[in-house]
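A.B. asks: Just passing along the structure, written as structure tokens.
A short reminder: the numbers here are calculations on the coordinates, not readings from a lab. Since we're looking at a predicted model, the values are computed, not measured. Quick reminder, even Gly has a Cβ in these numbers, built from the backbone with ideal geometry, and neighbours come from all protein chains shown.
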């Protein structure tokens, strides 16, 4: 079953092809990561998929009644708007205290409800965005560079949270990131985008693909090594936690 | 009771500020102050055209304000910056209104009432229109509150939730035109934006949620309406500007109180 699919989607902006016949499909439960250099159309693709942009040609199809949880690249809350974390979780629909609490917990937070959004740290803010996105138990969770402004350990722990969320909600995850090694460690499938889809497959396949190496240089051999390393490390961490 | 012009005036002012208080929160959150100003200035043109064609002032004002908003969208789509487009439109509408009025004989006197308001001269019909309009604005805001808030916070979050933020923006524009019509006899075209911005800004100091801010803005607005009309009777000053001065006083107190608290 396909939840969300793009069929030969093209998007032109200012006489320039930002997206060129991009085809992709998302099935339940998988984590797909879109990687690509700056200006490769990653964010544009996500915005086409959520319906914020109309493709110039091609089509986006969604499963009937598909619920999307979206974590934007950045969210600017005007300082003129007072907004507690709890109230933010109520957008766009009111949710029960129980659901709100559970979503915060799943996102790795506790007891922030009465805090003002403006007073949160970068990491807390991103996790609140994640909590809001998962509150309605979405079929697809979409994240656009969700770890911007987090340091390396911060974003690594954020992506571990994503894996935990996927396991708990059994939703598909589609994310965009430039942090190759961290993201790839958590992905089932990687799509390398540069206007068009250069290559796709498991993290190992993509890292070895010539098109990928051309885009990110041979230095990415190191990224794969780091990926291995990170991966081992996670298991290490987990076993520690289990032992405690 | 409604025979008393003071009672009518106070009621008219209260009706107007309840609507401007809540809608003003969106104007502040979305930084639409200048946009509101342009629509209010367009109201002067609306009044002039209404006088020229013997239309209802309210109808003329709403239509003109909406036309200005439409032209604004066209201009910005065509590459003008929002700032410049609003500057051109606001002052063109104001100037054109003044020119048209000068061509109409005997209309000069009545125009000043629409520039600076004349709340103590409102009749029963005006009162009905003001409260009717205000209740429509408040009702629509109540009904669409969550969607409007989501669209204001982030268009992309709205899209992902199946809400079209452009339609919500259009809705706010229509409500703004309605509020301009509701408030024009109370404070006049030149000061309508004040009733949108000042109560909401005063309310910001005390609010923890958007709803709290909306309620506090209504309270601040109502207080300003009561103090302003009272003051204008006491000191024989024009009522509309007096209400705005009272609102500014409340804003100042709120800032000081906010400072003291933190």
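A.B. asks: Distance between Cα centroids, the range B:163-186 to the range A:1-59: provide it in whole Å.
C.D. replies: 35
A.B. asks: Per residue of chain A, what 222 nm ellipticity follows from adding -39500 (n - 2.57) for every DSSP H run with n ≥ 4, rounded to the nearest 500? Can you show the working numbers first?
C.D. replies: Details: 9 runs with 98 residues, N = 244.
It lands at -12000 deg cm²/dmol.
A.B. asks: Can you give the % of DSSP beta bridges in the protein assembly as shown that are antiparallel, to the nearest 5?
C.D. replies: Numbers: 18 of 35 bridges.
Approximately 50 percent, going by the DSSP bridge assignments.
A.B. asks: On the first, second and third principal axes, largest extent first, how far apart are the outermost C-alpha atoms of the protein assembly as shown in Å?
C.D. replies: 84, 53, 37
A.B. asks: Please rank B:3, B:83, B:156, fewest neighbouring Cβ atoms within 10 Å first, as an exposure proxy.
C.D. replies: On the way: B:3 7, B:83 10, B:156 23.
Ranking B:3, B:83, B:156 by Cβ neighbours within 10 Å, fewest first, gives B:3, B:83, B:156.
A.B. asks: Chain B: percent of C-alpha pairs farther apart than 31 Å?
C.D. replies: Details: 7886 of 34191 pairs.
Percent of Cα pairs beyond 31 Å in chain B: 23.
A.B. asks: Let me ask another. Estimate the FRET efficiency between residue B:121 and residue B:262 by the formula 1/(1 + (r/R0)^6), using the beta-carbon distance for r and 51 Å for R0, to the nearest 0.05.
C.D. replies: Working: r = 44 Å, r/R0 = 0.86.
That gives a FRET efficiency of 0.70.
A.B. asks: Hey, another quick one. I want to check the label-to-label distance for residue B:248 and residue B:92. Put each point 7 Å from Cα in the C-beta direction and report it in nm to one decimal.
C.D. replies: Spacing of the two 7 Å Cα→Cβ label points: 3.1 nm.
A.B. asks: For chain A, with a Gaussian network of springs between Cα atoms less than 10 Å apart, report the residue from A:126, A:116, A:79 with the top mean-square fluctuation.
C.D. replies: Of A:126, A:116, A:79, the Gaussian network model singles out A:79 as fluctuating most.
A.B. asks: To the nearest 0.05, what FRET efficiency results for residue A:196 and residue B:170 with a Förster distance of 45 Å applied to their C-beta separation?
C.D. replies: 0.80
A.B. asks: Something else about it: Say we join alpha carbon atoms closer than 10 Å with springs in a Gaussian network model of chain B; which of B:198, B:124, B:68 then has the biggest fluctuation?
C.D. replies: Among B:198, B:124, B:68, the largest GNM mean-square fluctuation belongs to B:124.
A.B. asks: Compute the FRET efficiency between residue A:121 and residue A:59 as 1/(1 + (r/R0)^6), taking r as their Cβ-Cβ distance and R0 = 51 Å, and round to the nearest 0.05.
C.D. replies: On the way: r = 41 Å, r/R0 = 0.80.
About 0.80, to the nearest 0.05.
A.B. asks: Could you tell me the distance between the Cα centroids of the range A:141-200 and the range B:231-246, to the nearest Å?
C.D. replies: The range A:141-200 and the range B:231-246 have Cα centres spaced 60 Å from each other.
A.B. asks: Once you keep just the Cα pairs under 8 angstrom separated by 6 or more residues, what percentage relative contact order results for chain B? All intermediate terms of the calculation are to be shown ahead of the outcome.
C.D. replies: On the way: 412 pairs, mean separation 78.6, N = 262.
It comes to 30 percent, rounded to a whole number.
A.B. asks: Let me ask something else. Which three numbers, in whole Å and largest first, are the semi-axes of the equivalent ellipsoid of chain A derived from its Cα gyration tensor as √(5λ)? Please list the in-between numbers first.
C.D. replies: Working: eigenvalues 161, 111, 56 Å².
Its equivalent ellipsoid spans semi-axes of 28, 24, 17 Å.
A.B. asks: Let me ask something else. Once you keep just the Cα pairs under 8 angstrom separated by 6 or more residues, what percentage relative contact order results for the range B:66-197?
C.D. replies: Numbers: 82 pairs, mean separation 42.8, N = 132.
About 32 percent, as a whole number.
A.B. asks: Could I ask something else about it? Suppose a student asked you for the relative contact order of the range B:131-262, using Cα pairs under 8 Å spaced at least 6 residues apart; what percent would you report? Could the numbers behind the result be given before it?
C.D. replies: Details: 120 pairs, mean separation 26.3, N = 132.
Across the range B:131-262, relative contact order equals 20 percent.
A.B. asks: To continue, here is another question. Could you grab the Rg to Rh ratio for the range B:1-117? Cα atoms only, Kirkwood for Rh.
C.D. replies: Details: Rg = 15.9 Å, Rh = 15.5 Å.
Ratio value, two decimals: 1.03.
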